[in-house]
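Novice: Pasting a structure below so you can have a look.
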Amino acid sequence: MRLPPARGAAESELPTKMVETGHGPLEFRLDRRGSDTVVIFHGGHMRAGLALGEEPFTQAGCSLLVPSRPGYGRTPVTTGGSAEGFADATAALCAHLGVTRVTAVVGVSGGGPTAVAMAARHPALVERLILQSAVGPVPWPDRRTYLGAHVVFTPRTEPATWALVHALVRHAPDAALRMLLRDLTVLPARRVVAGLRPEHRETAIALFTRMRSRHGFLNDLHDLKAGPDLRRLSAEVDQPGLVIASRHDGAVPFAHAQALAAALRRAELLESLADSHFIWFGDDWPAIAARIRDFLQP
């Protein structure tokens, strides 16, 4: 079965709403489809209005609830603040929307710790946990990432950084993709870009022309460098878990997935053959998507 390009790849930003949760204002996107609801915490530089890799959930007939994490989109950095605090804010959002059962909470990349925290802190709400290229109980970020981010993603430099990236992606997409994917793979970036299928290249270009960090990425780095105690939180998760990652990931090393699978009580580790952090671009993504759909079944 061949999946279409990620939704959002060739369309304008998806509509979002704002709500006051009691933990602070929160931006979210709710795509109502069926009685089952999946909550998705996207990773760094992403927000509720952007979509990536959501097809397995929509094809399973699930409604999608996608919040913008602290500092991303229109969610203030003070809402929840930490991974654990934002997990509580999202649980409050579910209550506000009348969502009493979350079929799965999905954590992507830097959104992984929030997904783990939500499963651990709200077991009566969350039934399953899915982690994709997710940060786990391994020291992160590395010193190079931490220091570099404090140069290019400060409140003063972040707008200019992304303006340059957006312009480069529009006018020299191949060079831009090589530059941007260099930090997302352990393989030669030129080889990874050359191997992209046309629909994946389109998706990557569309994402990189819309991404912003605002205060979110630095907040992620500070929160993850100081905590949360992901090993403790992971050990408290009793729901079934599915951990998906690639050994070629240059942004979040495969050791994170291994540590998550070991710390979670009931987790399956599913290795992606993708060339980079973007597991959705791997040739085996259709098989992984099928496994996700099976995992969502009672």
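The values are calculated or read from the model by the stated rules, or taken from the named source; none is laboratory data. Predicted, not measured: the structure shown is a model, and the values here were computed from it. In this analysis, Cβ positions are derived from the backbone assuming ideal geometry, glycine residues included, and neighbour counts consider all displayed protein chains. Each accessible area value is taken on the protein alone, full model and side chains, heavy atoms only, with ligands, DNA and RNA left out. Shrake-Rupley method; radii C 1.70, N 1.55, O 1.52, S 1.80 Å.
Novice: Can you tell me which residue within region 275-293, out of those that are closer than 15 Å to VAL108 by Cα and assigned to a loop (DSSP other than H, G, I, E, B), is farthest from the chain's Cα centre (by Cα)?
Specialist: SER276
Novice: Looking at region 110-133, which of the residues that are open to solvent by 10 Å² or more (accessible area, probe 1.4 Å) and among the hydrophobic types (A, V, I, L, M, F, W, C) is nearest to LEU270 (Cα to Cα)?
Specialist: ALA120
Novice: In region 106-129, how many are more than 12 Å from VAL237 (Cα to Cα) and among the β-branched types (Val, Ile, Thr)?
Specialist: 3
Novice: Does ALA92 fit the bill of being open to solvent by 20 Å² or more (accessible area, probe 1.4 Å), of a type in the set (Gly, Ala, Ser) and in a helix (DSSP H, G or I)?
Specialist: yes
Novice: Identify, by number, the condition in (1) assigned to a helix (DSSP H, G or I); (2) surrounded by fewer than 24 Cβ atoms within 10 Å (Cβ to Cβ) that VAL138 doesn't meet.
Specialist: The failed condition is (1).
Novice: Hey, does region 285-297 have a residue that's touching a Cys at 6+ places or on another chain (Cβ under 9 Å) and either open to solvent by less than 50 Å² (accessible area, probe 1.4 Å) or not charged (D, E, K, R) (or both)?
Specialist: Looking through region 285-297, at least one residue is touching a Cys at 6+ places or on another chain (Cβ under 9 Å) and either open to solvent by less than 50 Å² (accessible area, probe 1.4 Å) or not charged (D, E, K, R) (or both).
Novice: In addition: Identify, by number, the condition in (1) at pLDDT 95 or above; (2) buried (at least 17 other Cβ atoms within 10 Å of the Cβ); (3) on the phi < 0 side of the Ramachandran plot that LEU97 doesn't meet.
Specialist: It is condition (2) that LEU97 fails.
Novice: Any residue that is under 23 Å from GLY241 (Cα atoms), modelled with pLDDT of 95 or more, of a type in the set (A, V, I, L, M) and in a strand (DSSP E or B) - is there at least one of those in region 66-73?
Specialist: Taking every residue of region 66-73 in turn, at least one turns out to be under 23 Å from GLY241 (Cα atoms), modelled with pLDDT of 95 or more, of a type in the set (A, V, I, L, M) and in a strand (DSSP E or B).
Novice: For ALA91, only one of the following conditions fails: (1) over 21 Å from PHE28 (Cα atoms); (2) touching a residue at least 12 places away in the same chain (Cβ under 8 Å). What is its number?
Specialist: For ALA91, the exception is condition (1).
Novice: Let me ask another. What are the residues in region 109-157 that are of a type in the set (Ser, Thr, Tyr), closer than 17 Å to LEU260 by Cα and in contact with a Lys or Arg (Cβ under 9 Å, 6 or more places away or on another chain), if any?
Specialist: Residue satisfying the conditions is THR114 alone.
Novice: A further question follows. From ARG265, ARG212, which residue is farther than 19 Å from GLY282 by Cβ and either among the hydroxyl-bearing types (Ser, Thr, Tyr) or more than 16 Å from the chain's Cα centre (by Cα) (or both)?
Specialist: ARG265
Novice: I'd like the full set of residues that are crowded, with 24+ Cβ neighbours inside 10 Å and not β-branched (Val, Ile, Thr), limited to region 74-88.
Specialist: Across region 74-88, the qualifying residues are GLY80, ALA83, PHE86, ALA87.
Novice: Which residues, taken from region 147-187, are in a helix (DSSP H, G or I), loosely packed, with under 13 Cβ neighbours inside 10 Å and among the small types (Gly, Ala, Ser)?
Specialist: Residues satisfying the conditions are ALA160, ALA163, ALA167, ALA175.
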